[in-house]
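Colleague: First the structure, which I've put down as structure tokens, then a few questions once you've had a look.
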Amino acid sequence: MLRHFRLAWLGLVPFLVFITAFELLPLGGLVLSAFSDGGGPSVVNFVRAARPAIVTAFANSTGLSLATALLGTAVGLVIAYLVQTSRSRRWRNVVTALSTVTASFGGAPLAFAFIIALGSTGMITMLLGLVGIDLYPGFRIYSVTGLIVAYLYFQIPLAVLLLLPSVQGLKREWREAATSLGADGRAYWLRVGLPLLRPSIASCFCLLFANAFGAYATAWTLTGSSVELVTVQIAALIRGEVQLDPALADAIAVLSMLVMAAAIWLQRLFARRQGMASR
Amino acid sequence: MTGESSLSGKSGALLRIVTMGLFLAFMVLPVVATALFSVSVRWDRTIFPEGVTLDWWAKVLSERGFQRSVTNSLSFSIATALASLALVAPTAFWVHTRLPRAKPLLEVLTILPFGFPAVVLALGLIRLYSPLPLPVVNTPFMLVSSYVVITLPFMYRAVMNSLEALDTTALSNAARSLGANDWQIFRRVILPNIRGGMLSGSLLVFSAAFSEFALANALVGTRLKTLPIYLVEFTRFDARQASALALISFTAVWLVSMALLSSPARRTSTPGLSAPV
């Protein structure tokens, strides 16, 4: 029996070797190096990381992720609700297809599309100017606000895809039960619908947060290094543009992993609860 | 829909249409603007483009650098999808049928890539492997391996979902009673039945690898340019050619997404998050 058990684990060896070589060792190495000062264990690298540029980067990344996760989830919920309550099936298909495609648009092409659309001489900028709305100079696409708009382009469809199944899972009978007890549409959503959706909404929010926090290509193409973000800083440290201080880069990397891993851990927690609620 | 008091009246219907219209406009206009820009003679001084031309497209397509970058991107993405299939499909089958107790471990290992930015993996790989005497860091092998890691959540979920939808015990027992060994069972019985999951997993992996920027830039960017790296370079000095390149990238992602939507296993695939954001 014991021999059989050990043999079964042998089947996992190729996968575990690969994961160790290309995921666990590289990341573990960063953690070890971040927590040592060359001699022994130490948190000195994290103390050194508390400098203005890095604190700003974490504040910007967190703010950008919170804003786009919040707005993305809210708009995604509204769209999912509209799709669910619309009478035509075609809407559902159109929105699902559009969301599937656009949730995967990102990075350099997306950033560039937003420069073309919302740059100072962009198409939408000029169209809005025609009807008397001047975006510039109040708004700039090469700013944190611009990044929020660009990130929403992939955050909203992702939220629609994540929330649509749960919104569609709300049973008709619950609605009828609420109506028979005298609830109008608003009361139903506030007292029954939204509370039932709470785990899905929370897990969607966490996933969107992590998605935005780890993003790099969109921000790099759009704002270069003019907006300090955690991922932009780490990439700059890799290129050795800022300074050659590997241990400091490792500390920043470990902090960014902590933030994202926490978001994903919470997301899993809420997703499990969502699974229980729909049973 | 019964008694939707807030959105049933005339104003409700209007609100519904306006909201949907704004959403669709936001999702469609940036792409349309890019498409129009790529065929415009000049379009930064006037409301409408000053004439239509295919010059920028001709220029982009005839460039050697472009052809090389597309070839690089295609080879890296196909290699990633194949390597991921070869690594994940047998492992998932083994865990599902022989070692269910290892499932929680695999769940954690394969979801882990959602828990760190791609640039952090790039940093970790460089710090770990660049001190080696062999030049392995700046190779396609390292890039494809890192792509397999960051796309693990897609492939593992897609394959495992289709495995879990099968009665693998009954299938295996039936095949074994006919004299098949483990490898034959996997190859001849299980594989054909999880083709849908493998296909949708591969499409997600391909799409993510095709548009990935951070790892490519950090690991091989200076020597082997992929399409996203080539595009970023153009955004800095030639907006018209860059818009044609952006449209090519959008089209590639769109084609893969459409294939994904029409694939039989679309219900089992993880939505989204394949964005190279």
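The values are calculated or read from the model by the stated rules, or taken from the named source; none is laboratory data. Everything numeric here is computed off the predicted structure, so don't read it as measured data. A quick note on method: Cβ atoms are made from the backbone with ideal geometry, for glycine too, and the neighbour counts reach across all protein chains shown. Side chains are part of the model used for accessible areas, which takes the heavy atoms of the whole protein and leaves out ligands, DNA and RNA. Shrake-Rupley method; radii C 1.70, N 1.55, O 1.52, S 1.80 Å.
Colleague: Just want to confirm a number: the relative contact order over the range B:13-162, from Cα pairs under 8 angstrom separated by 6+ residues, in percent.
Modeller: Value for the range B:13-162: 22 percent.
Colleague: Report, in order of residue number, the helices in chain B meeting two criteria: a C-alpha extent of 27 Å or more along the helix axis, and a mean Kyte-Doolittle hydropathy of at least -1.0; treat each whole DSSP H run as one helix.
Modeller: B:10-38, B:64-98, B:239-262
Colleague: Considering every Cα-Cα pair within the range B:54-268, what fraction, in whole percent, is farther apart than 20 Å?
Modeller: 63 percent
Colleague: While we're looking at this one, here's another question. For the range A:144-215, list log₁₀ I(q)/I(0) at each q in 0.19 Å⁻¹, using the Debye formula over Cα point scatterers of equal strength and ignoring solvent, two decimals each.
Modeller: The Debye formula, applied to the Cα set alone, gives -0.80.
Colleague: Still on this model: Loop only by DSSP, 15 or fewer other Cβ within 10 Å of the Cβ. Give me the GluC sites (Glu not before Pro) in the range B:47-108 that pass, ordered by residue number.
Modeller: Sparse-neighbourhood loop GluC sites (Glu not before Pro): B:50, B:63.
Colleague: Sticking with this one: Calculate the dipole size of the range A:49-277 relative to its Cα centre from +1 charges on Lys and Arg beta carbons and -1 charges on Asp and Glu beta carbons; express the result in debye to the nearest 20.
Modeller: So the dipole magnitude of the range A:49-277 works out to roughly 1020 debye.
Colleague: Continuing with the same structure: I need to check one value: relative contact order of chain A, counting alpha carbon pairs closer than 8 Å and at least 6 residues apart, in percent.
Modeller: Relative contact order comes out at 29 percent.
Colleague: So, one more: Need one number: buried accessible surface between chains B and A, 1.4 Å probe, both sides summed, DNA, RNA and ligands left out, in Å² to 100.
Modeller: Chains B and A together bury roughly 8000 Å² of accessible area.
Colleague: Evaluate the Debye formula for the range B:28-145 with equal point scatterers sitting on the alpha carbons, no solvent, and hand back log10 of I(q)/I(0) at q = 0.14, 0.16, 0.20, 0.22 Å⁻¹, in q order, two decimals.
Modeller: With one equal scatterer per Cα and no solvent, log10 I(q)/I(0) is -0.90, -0.99, -1.16, -1.24.
Colleague: At a 1.4 Å probe radius, carbon and sulfur cover how many percent of the accessible area of the protein assembly as shown?
Modeller: 66 percent
Colleague: Using Cα pairs closer than 8 Å and at least 6 residues apart in sequence, work out the relative contact order for the range B:54-268, in percent.
Modeller: Reported as a whole number, the value is 33 percent.
Colleague: If you bin every alpha carbon distance in the range B:124-249 into 10 Å steps from zero, what whole percent lands in each bin?
Modeller: The percentages, shortest bin first, are 11, 27, 24, 20, 12, 4, 1.
Colleague: Using a 1.4 angstrom probe, figure out how much accessible area the protein assembly as shown has per residue, in square angstrom, rounded to the nearest whole.
Modeller: Dividing the accessible area of the protein assembly as shown by its residue count gives 45 Å².
Colleague: Please report, for the Cα atoms of the range A:194-279, the Rg to one decimal and the Dmax as a whole number; what are they, in angstrom?
Modeller: Expressed in Å, the Cα Rg and Dmax of the range A:194-279 come to 16.8, 54.
Colleague: Excluding same-chain residues fewer than 8 positions from residue B:225, which lysines have a Cα within less than 20 Å of its Cα?
Modeller: Counting by Cα, and skipping residues close in sequence, residue B:225 has these lysines nearby: B:59.
Colleague: To continue, here is another question. Check which residues have an amide H placed less than 5 Å from residue B:40's amide H, if you skip close sequence neighbours.
Modeller: Sorted by chain and number, the residues that satisfy this are B:53.
Colleague: If you don't mind, another one. Among the trypsin sites (Lys or Arg not before Pro) in the range A:1-107, which ones are in a DSSP loop with at most 15 other Cβ atoms within 10 Å of the Cβ? Mind listing them?
Modeller: Numbers: sites: A:3, A:6, A:48, A:87, A:89, A:90, A:92; in loops: A:87.
Those that pass, being in a loop and sparsely packed, are A:87.
Colleague: Given the convex hull over the Cα atoms of chain A, what projected area results after averaging over all orientations, in nm²? Walk me through the numbers before you get to the answer.
Modeller: Working: hull surface 90.5 nm².
For chain A, averaging the hull's shadow over all directions gives 22.6 nm².
Colleague: Just tell me, in residue order, which DSSP H segments of chain A are both 30 angstrom or longer along the helix axis (alpha-carbon based) and at least -1.0 in mean Kyte-Doolittle hydropathy.
Modeller: Going by DSSP H runs, the hits are A:52-85, A:144-169, A:246-277.
Colleague: How big is the Kirkwood radius of the range B:86-148, worked out from every pair of different alpha carbons and given in Å to one decimal?
Modeller: Across the range B:86-148, the inverse of the average 1/r is 13.7 Å.
Colleague: Give me a single rounded figure for B:176-189: the average over its residues of other chain Cβ atoms within 10 Å of their Cβ.
Modeller: Counting Cβ atoms of other protein chains within 10 Å of each residue's Cβ and averaging gives 0.
Colleague: If you count, for every residue in B:236-246, the Cβ atoms of partner chains within 10 Å of its Cβ, what is the mean? Don't skip to the answer; put the middle values down first.
Modeller: Numbers: counts 2, 0, 0, 4, 1, 0, 6, 5, 0, 3, 11.
Mean shielding count: 3.
Colleague: In addition: Principal axis lengths of the protein assembly as shown from Cα atoms, whole Å, largest first?
Modeller: 78, 67, 50 Å, listed from the longest principal axis down.
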